[in-house]
Amino acid sequence: MNEPIVLGFETSCDETGVGIVRGHTLLADALATSMAEHERFGGVVPEIASRAHLEAMVPTVHRALADAGIAASDVDAVAVTSGPGLTGALLVGVAAAKAYALALGKPLYGVNHLAAHVAVDELQHGPLAEPSIAMLVSGGHSSLLLVPDLAQEVQSLGRTIDDAAGEAFDKVARVLGLPFPGGPPVDRAAREGDARAIAFPRGLTGPRDAAYDFSFSGLKTAVARWVEARERAGEPVPVADVAASFQEAVADVLTAKAVRACRDHGVDHLVLGGGVAANSRLRALAEERCAAAGIVLRVPSPRLCTDNGAMVAALGSRLVAAGVAPSAPDLGADSSLPIDVVSR
Amino acid sequence: MKREHLLPTLADTHALGRELAAAARPGDLLVLVGPLGAGKTALTQGIGAGLGVREPVTSPTFVIARVHRGGRIPLVHVDAYRLGGAADVDDLDLDASTEESVTVVEWGQGLVEQLAEEHLEVRLDRRDDDVRTALLVPHGPGWTARLDVG
Amino acid sequence: MLVLALDTATPTLVAGLARWSAGDGVTVLAERAVPSGTKHAELLTPAIEGVLADAGLAIGAVEAVVTGLGPGPFTGLRVGVVTAAALADARGIPAVGVCSLDAVGTGARTVVTDARRKETYWAAYATDGTRVEGPAVARPEELGLPGPFTGDPAFAERLGAPVTPADVTTAGLLRAAAPQLADPGSAAPLVPLYLRRPDAVPPTSIKPVTR
């Protein structure tokens, strides 16, 4: 087995992730998170996240190397999330990765966080069928992608025109008095609720709307209005029903557009990624609709859907295998790196 | 420019944004005040369009701040919900200074006013019939004069 | 001992290579000071490769890393600190952190650098170069120290006194690191001198979601 070993760094938000892969084989996925420090703020505080990344960096590398049972000198290439994300947080990972690459005398690949969310599935389900449609939904992103070649060509089909899907979960959780981050508590509350109780709007689903773009701002507003009206009337807010109906609206729009993108492009493979892909209703509805449409659905386990270093190493591994040129020595961070830039 | 605006549709909110963009100058600070869904991001989209920004202006919540170039003046769009104060905007190390940009801040009331000598407060609200309202409140002589002229 | 010195606490990043010994002190072999603004992450590793090339040495020859721990603007500061920590970790060599202000100027002085928010980072030093006050952050008008001042001349007017322009230097970093280099086992973990807490406050009363 002489496939290259890639060390991957992820620090675009609150997770300090260091992953190690050999080819498509996951060797280590070490993670430190500062989420507990952010919860009381109702969102990730950039300065707190950046400080935590710095503290966690070297210990997390040690943990990854120990888990993989390798020495740093065994590493053949280094990959790092160069964007999109929080600038200050990204820079800790970029600087660390550049230093490890320099010290080890190995090539460095600055990669796109979103493409890495797609690449991670190869660690669980083997090489990606190309082309695939990929749908990435997280706190910061909601994108539909056509992926002819994950190492070199990713095309954006659509994206959110206002709020990201995960952001809508966070803001609806805020309205319902549920904790941050909003995804898991809304998902839990929804299990006890009736998804058909309230008909919340499905954004951008009209015949003349952009087929692959998303809008969750109107949905968020509709939930806030509905809850306010109840509160003004002095009535109790049925949290479970609101959560279930809101979640249904999100899952409905996301899966309908993803399946449509597959059909329109004659693609029969769909990959989900990003933190919102851990949502139980989204997974179930995607399963159902893909089965009906004859589409093969691939969803990484929830642990790999959220941010981690293994996904960055996985994409780095693809880049090495494809012979893509490493990044220039002046690699930096780009908080709004466009999705069609797989590596830079 | 009128101080009070009724905004029945999204297009009206965008139009007010374009009107504000026409009056905007480098160094301006706009503080948008209002509840969830009052149209803060929509207004900023209109300001972006008015300045000539081509890329989509989407919610900055996840990254805290986005810089949109390519228009008449750079547009810095900030969600201050997770920031403690004006100083944190400097700490974001944006590749644009507040002096050369129009800075639009959501959720920044009481936190970011000292970013500039004066600022325009835009109070947005959403009525029960879903019509949005906007009230322009100038803080400082420059904004007062500009609103009275327009 | 061949030492790599780094600092990203000010808008001019510094990378230097020097020989150091307890007896003979510091001999700087190569140094680059790069005006980098907010581009520390982009420019630091190229600067390190640059000084290695200037001195005709490979990274494997470096026996210790010294880095400035600030105080300085946080985002740039972390670039230098994490670079030093990662380089030292990957090579299995000691990493030593020093107060960046110690590496600006020599002798009796008060060092002032830009802390943004119209404030200055400062520290005061005795004739023999030992730090007697600071590091701390203050408005220059309220500093109340006589000087002489060294560092960022932009503060001269607000201090009401001249400021001798000076930047962080490789020699300064190594002088400040001497006690730790003599006994690397004593080197403290690399913790930046932030001096300020993150400003965020829990958004309880001030930011109602709805009314």
Requested in this report: Please note which strands (runs of 3 or more DSSP E) are completely contained in the stretch C:36-116 and include at least 1 residues that are under 14 Å from the mean Cα position of the chain (by Cα), of a type outside the set (Ser, Thr, Tyr) and assigned by TED's automatic domain parsing to the domain that holds C:Ser21.
Outcome: C:64-68, C:95-98
Requested in this report: Of the numbered conditions (1) within 9 Å of another protein chain (Cβ to nearest Cβ); (2) assigned to a helix (DSSP H, G or I); (3) hydrophobic (A, V, I, L, M, F, W, C); (4) surrounded by 21 or more Cβ atoms within 10 Å (Cβ to Cβ), A:Val44 fails exactly one; give the number of that condition.
Outcome: (2)
Query raised in the report: Out of (1) at pLDDT 85 or above; (2) not polar (S, T, N, Q); (3) not in a helix (DSSP H, G or I), what's the single condition that is false for C:Pro202?
Result: (1)
Query raised in the report: Does C:Leu193 satisfy the criteria of being touching a residue at least 60 places away in the same chain (Cβ under 8 Å) and part of a helix (DSSP H, G or I)?
Result: no
Query - Meets criteria (at positive phi, at pLDDT 95 or above and buried (at least 24 other Cβ atoms within 10 Å of the Cβ)) for C:Gly80 - result: no
Report task. Test A:Arg283 against the criterion of being outside any loop (DSSP other than H, G, I, E, B), assigned by TED's automatic domain parsing to the domain that holds A:Arg159 and either out of contact with any strand residue (DSSP E or B) (no Cβ under 8 Å at 6 or more places or on another chain) or not small (Gly, Ala, Ser) (or both), and give yes or no. Result -> yes
Query raised in the report: Restricting to the stretch A:27-41, what's the tally of residues that are under 18 Å from the mean Cα position of the chain (by Cα) and not in a helix (DSSP H, G or I)?
Result: 6
Query raised in the report: Among the residues of the stretch A:293-304, is there at least one that is among the polar types (S, T, N, Q) and farther than 30 Å from A:Arg225 by Cβ?
Result: yes
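So that you can scan it fast, the table gives a plain yes or no per residue for (1) in a strand (DSSP E or B); (2) within 24 Å of A:Glu15 (Cβ to Cβ); (3) not hydrophobic (A, V, I, L, M, F, W, C):
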| position | (1), (2), (3) |
| --- | --- |
| A:Leu123 | no, yes, no |
| A:Leu128 | no, yes, no |
| A:Met135 | yes, yes, no |
| A:Gly140 | no, yes, yes |
| A:Ser143 | yes, yes, yes |
| A:Val147 | yes, yes, no |
| A:Val154 | yes, yes, no |
| A:Leu157 | yes, no, no |
| A:Asp162 | no, no, yes |
Requested in this report: May I ask you to list the residues in the stretch C:37-68 that are at pLDDT below 95 and more than 8 Å from chain A (Cβ to nearest Cβ)?
Outcome: C:Gly37, C:Thr38
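Determine, yes or no, whether A:Ala79 is in contact (Cβ under 8 Å) with a residue 40 or more places away in the chain, touching a helix residue (DSSP H, G or I) at 6+ places or on another chain (Cβ under 7 Å) and of a type outside the set (Ser, Thr, Tyr). It would help to see each step written out before you state the result.
On the way: in contact (Cβ under 8 Å) with a residue 40 or more places away in the chain: yes; touching a helix residue (DSSP H, G or I) at 6+ places or on another chain (Cβ under 7 Å): yes; of a type outside the set (Ser, Thr, Tyr): yes.
The answer is yes for A:Ala79.
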Query - Residue that is surrounded by fewer than 20 Cβ atoms within 10 Å (Cβ to Cβ), assigned by TED's automatic domain parsing to the domain that holds A:Val137, outside any loop (DSSP other than H, G, I, E, B) and modelled with pLDDT of 95 or more, where the choices are A:Arg225, A:Arg263 - result: A:Arg263
Report summary line: Subset of the stretch A:75-90, residues farther than 13 Å from A:Leu337 by Cβ and either crowded, with 24+ Cβ neighbours inside 10 Å or at the interface with another protein chain (Cβ under 10 Å from one of its Cβ atoms) (or both), comes to A:Val75, A:Val78, A:Ala79, A:Gly88, A:Ala89
Query raised in the report: Within the stretch A:104-114, is even one residue part of a helix (DSSP H, G or I), outside the structural domain of A:Gln152 (by TED's automatic domain parsing), in contact (Cβ under 8 Å) with a residue 40 or more places away in the chain and under 30 Å from A:Met135 (Cα atoms)?
Result: yes
Query raised in the report: Can you tell which of B:Ala42, B:Ala38, B:Ala49 is out of contact with any Ser or Thr (no Cβ under 7 Å at 6 or more places or on another chain) and assigned to a helix (DSSP H, G or I)?
Result: B:Ala49
Requested in this report: Can you tell me which residue among A:Ala95, A:Ala64 is crowded, with 24+ Cβ neighbours inside 10 Å, facing chain C (nearest Cβ under 10 Å), over 17 Å from the mean Cα position of the chain (by Cα) and modelled with pLDDT of 95 or more?
Outcome: A:Ala95
Report task. Enumerate the pairs (first residue in the stretch A:140-164 and more than 14 Å from A:Val341 (Cβ to Cβ); second residue anywhere and polar (S, T, N, Q) and surrounded by fewer than 20 Cβ atoms within 10 Å (Cβ to Cβ)) with beta-carbon separation below 6 Å, excluding pairs fewer than 6 apart on the same chain, so at least 6 apart or on different chains. Result -> A:Leu146/A:Gln155
Report task. Would you check if there is a residue in the stretch A:122-138 being within 13 Å of another protein chain (Cβ to nearest Cβ) and touching a Cys at 6+ places or on another chain (Cβ under 9 Å)? Result -> yes
Report task. Answer with yes or no whether A:Ala129 is touching a His at 6+ places or on another chain (Cβ under 6 Å) and farther than 22 Å from A:Gly85 by Cβ. Result -> yes
Query raised in the report: Which residues, counting only those in the stretch A:98-117, are touching a helix residue (DSSP H, G or I) at 6+ places or on another chain (Cβ under 9 Å) and either at the interface with chain C (Cβ under 7 Å from one of its Cβ atoms) or over 13 Å from A:Ser327 (Cβ atoms) (or both)?
Result: A:Lys98, A:Ala99, A:Tyr100, A:Leu102, A:Ala103, A:Leu104, A:Gly105, A:His113, A:Ala115, A:Ala116, A:His117
Report task. Please determine, by comparing only the residues of the stretch B:103-121 that are outside any loop (DSSP other than H, G, I, E, B) and out of contact with any helix residue (DSSP H, G or I) (no Cβ under 7 Å at 6 or more places or on another chain), which one is nearest to B:Thr44 (Cα to Cα). Result -> B:Glu121
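Hey, could you check the stretch A:298-323 for residues that are over 20 Å from A:Pro84 (Cα atoms) and not in a helix (DSSP H, G or I) and say which is farthest from the other protein chains (Cβ to nearest Cβ)?
This residue is A:Arg298.
The values are calculated or read from the model by the stated rules, or taken from the named source; none is laboratory data. Just so it is clear, the structure is predicted and the values come from calculations on it, not from any experiment. Here Cβ is always computed from backbone atoms with ideal geometry, including for glycine, and neighbour counts include all displayed protein chains.
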